[in-house]
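The values are calculated or read from the model by the stated rules, or taken from the named source; none is laboratory data. Because the structure is a prediction, the values reported are computed rather than measured. Quick reminder, even Gly has a Cβ in these numbers, built from the backbone with ideal geometry, and neighbours come from all protein chains shown.
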Amino acid sequence: MATTPDRSLPLANHDTLRVALKRTLERPLTSYHIVLGVSALLLALGLLMVLSASSVSSLRAYGDSYAIFLRQVLWVAIGVPLAWATSRLPQRMIRWLSWPALVTASVLIALTYVPGLGVLVNGNRNWLSFGGGIQIQPSELAKLALVLWLADIYARKGKLLREWRHLIVPMVPISVFVVALVIGQGDLGTALVLLGIILGMLWIVGAPARLFGATFLVIGVATFAIATTEQERVSRLTGFLDPLAEYGDGGWQASHGFFALATGGLWGKGIGASSQKWGGLPESHTDYIFAIIGEEFGLFGTLMVLALFAVLAYAGIRVASRTDDRFVRFASAGIVVWLLGQALINIGMVLGLLPVIGIPLPLISYGGSALVPTLVALGLLMSFARGEPGAQAALRARRRNARTSTSAAGR
């Protein structure tokens, strides 16, 4: 006798998956595990891609294909313990450190203007030399410091934020001063990220919409005026509008980024098989590492990177929405605005949707000045996630179970 297939099985499986996903998301440590897992995946991918993208240029510059990769490993070895230590800091100390961090970042940025200390790289005086080949980009520290400082000040104001002047003073003047220091270095890319953080924090605390319209207009006019003051920046803008028309000049990098993405196809050429890293694509292991991901892992790889950043943003928003602490809410959301905004700017630049402005891809691009503050920020996000309702109890239960299992195994 013929049997009729049970058409309810797919629906039942769908319901089972939905219930399982809902139960997983309701667990108190879900946000913590998401931040930890996604950060580890992006960091591992970053190390892999730095090794692949930098091998040729590293061999040419240092006679060792692993020289740049080993430097990145060193920065990871510094940043991961700092992230772990930060995730254990009490919130009171984190808030207390926000002012010194912002002042320190501002002083270090100002020192780049001092002859002999400031180092000119790609037309921007945004690096600070300590001698012996040790250089840092202090404006990267300013991103984290600005998020924490704004979160602390806005949290202290509380109900006063209903009045517009308390949304502005003293946060916006001091923040704009920091941005002005960065613009003076010639680093428009970092300045745009900092402005994005300021606007994002204003939106998070409930600033009226009319404030954003006027602000975007002022920023747009100022950015265009500053960008057209130097021929190199003008070339970047014209190269962005039509890279192939400026192929031999301002459009070279953007064009070769397109070539890398186009030749990657759906699944890519395979790890290490990039042809653009042999000299066609400048900054292949820093600002344009996303293009190498597209070439070696194809469309699938680029979509996976976008998905990981989206999941990380979801975790940060989840932490912000599940807390009653204003500082945690503002800081968590500010970290999401910073990291997701910077990632979108970098990816938009590689895809030709934005001008080439020299912004690294968080956790993936080479560079310790950007990597270490990012890892510390993620450590803070994990600390905030550990404070979610029920998270501390779940952690204590896990420790008790671990001790019980260890005692039982030792008998």
| task | Tell me which of these E388 doesn't satisfy, since it passes every other one: (1) farther than 23 Å from A291 by Cβ; (2) assigned to a loop (DSSP other than H, G, I, E, B); (3) at pLDDT 90 or above. | result | (3)
| task | Inspect the range 349-363 for any residue being in contact (Cβ under 8 Å) with a residue 60 or more places away in the chain, assigned to a helix (DSSP H, G or I) and touching a helix residue (DSSP H, G or I) at 6+ places or on another chain (Cβ under 7 Å) and give the result as yes or no. | result | yes
| request: May I ask you to list pairs of residues, at least six apart or on different chains, whose Cβ atoms are under 9 Å apart, with the first in the range 374-397 being more than 25 Å from K143 (Cα to Cα) and among the small types (G, A, S) and the second being modelled with pLDDT of 70 or more and surrounded by fewer than 16 Cβ atoms within 10 Å (Cβ to Cβ)? | output: G390/R27; A394/R27
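Would you say I109 is in contact (Cβ under 8 Å) with a residue 60 or more places away in the chain, touching a strand residue (DSSP E or B) at 6+ places or on another chain (Cβ under 9 Å) and either closer than 22 Å to M49 by Cα or part of a helix (DSSP H, G or I) (or both)? Working first, answer last.
Details: in contact (Cβ under 8 Å) with a residue 60 or more places away in the chain: yes; touching a strand residue (DSSP E or B) at 6+ places or on another chain (Cβ under 9 Å): yes; either closer than 22 Å to M49 by Cα or part of a helix (DSSP H, G or I) (or both): yes.
When the stated conditions are applied, I109 passes them.
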| task | Pick out the one residue from G368, G348, G352, G379 that is touching a Leu at 6+ places or on another chain (Cβ under 6 Å), under 30 Å from A53 (Cβ atoms) and at pLDDT 85 or above. | result | G348
| task | Kindly provide the set of residues from the range 27-53 that are at pLDDT 85 or above and either farther than 30 Å from A393 by Cβ or not in a helix (DSSP H, G or I) (or both), ordered by number. | result | A44, L45, G46, L47, L48, M49, V50, L51, S52, A53
| query | Of all residues in the range 175-202, how many are free of Cβ contacts under 8 Å to residues at least 24 places away in the same chain and among the β-branched types (V, I, T)? | reply | 2
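Do you know which residues across the range 54-73 are under 13 Å from E283 (Cα atoms) and small (G, A, S)? Walk me through how you get there before you give the answer.
As a first pass, look at the range 54-73 and keep what is under 13 Å from E283 (Cα atoms): 54-58, 68.
Of everything in the range 54-73, those that are under 13 Å from E283 (Cα atoms) and small (G, A, S) turn out to be S54, S55, S57, S58.
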| Restricting the range 117-154 to residues that are touching a residue at least 60 places away in the same chain (Cβ under 8 Å), more than 26 Å from I335 (Cβ to Cβ) and of a type outside the set (G, A, S), which is surrounded by the fewest Cβ atoms within 10 Å (Cβ to Cβ)? | N122
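Table: residues versus (1) surrounded by fewer than 17 Cβ atoms within 10 Å (Cβ to Cβ); (2) among the charged types (D, E, K, R); (3) within 23 Å of the chain's Cα centre (by Cα).
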{"residue": "T30", "(1), (2), (3)": "no, no, yes"}
{"residue": "V35", "(1), (2), (3)": "no, no, yes"}
{"residue": "S55", "(1), (2), (3)": "no, no, no"}
{"residue": "L59", "(1), (2), (3)": "yes, no, no"}
{"residue": "D64", "(1), (2), (3)": "yes, yes, no"}
{"residue": "A67", "(1), (2), (3)": "yes, no, no"}
{"residue": "P81", "(1), (2), (3)": "yes, no, yes"}
| request: Among the candidates T24, T4, single out the residue that is hydroxyl-bearing (S, T, Y), at pLDDT below 95 and part of a helix (DSSP H, G or I). | output: T24
| Looking at (1) surrounded by fewer than 22 Cβ atoms within 10 Å (Cβ to Cβ); (2) over 22 Å from R60 (Cα atoms); (3) within 24 Å of the chain's Cα centre (by Cα), which is the only condition A254 fails? | (1)
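Return a yes/no flag: does the range 54-64 have any residue that is in contact with a Leu (Cβ under 7 Å, 6 or more places away or on another chain), part of a helix (DSSP H, G or I) and touching a residue at least 60 places away in the same chain (Cβ under 8 Å). Don't jump to the end; show me each part of the working.
Initially, the range 54-64 is screened for residues in contact with a Leu (Cβ under 7 Å, 6 or more places away or on another chain), giving none.
Checked against the condition, which is being in contact with a Leu (Cβ under 7 Å, 6 or more places away or on another chain), part of a helix (DSSP H, G or I) and touching a residue at least 60 places away in the same chain (Cβ under 8 Å), the range 54-64 yields no hits at all.
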| Test set (1) over 27 Å from L381 (Cα atoms); (2) in a helix (DSSP H, G or I) - R318 fails condition number | (1)
| message | If I filter the range 257-291 down to residues being surrounded by 21 or more Cβ atoms within 10 Å (Cβ to Cβ), part of a helix (DSSP H, G or I) and of a type outside the set (A, V, I, L, M, F, W, C), which single residue comes out as nearest to the chain's Cα centre (by Cα)? | response | G257
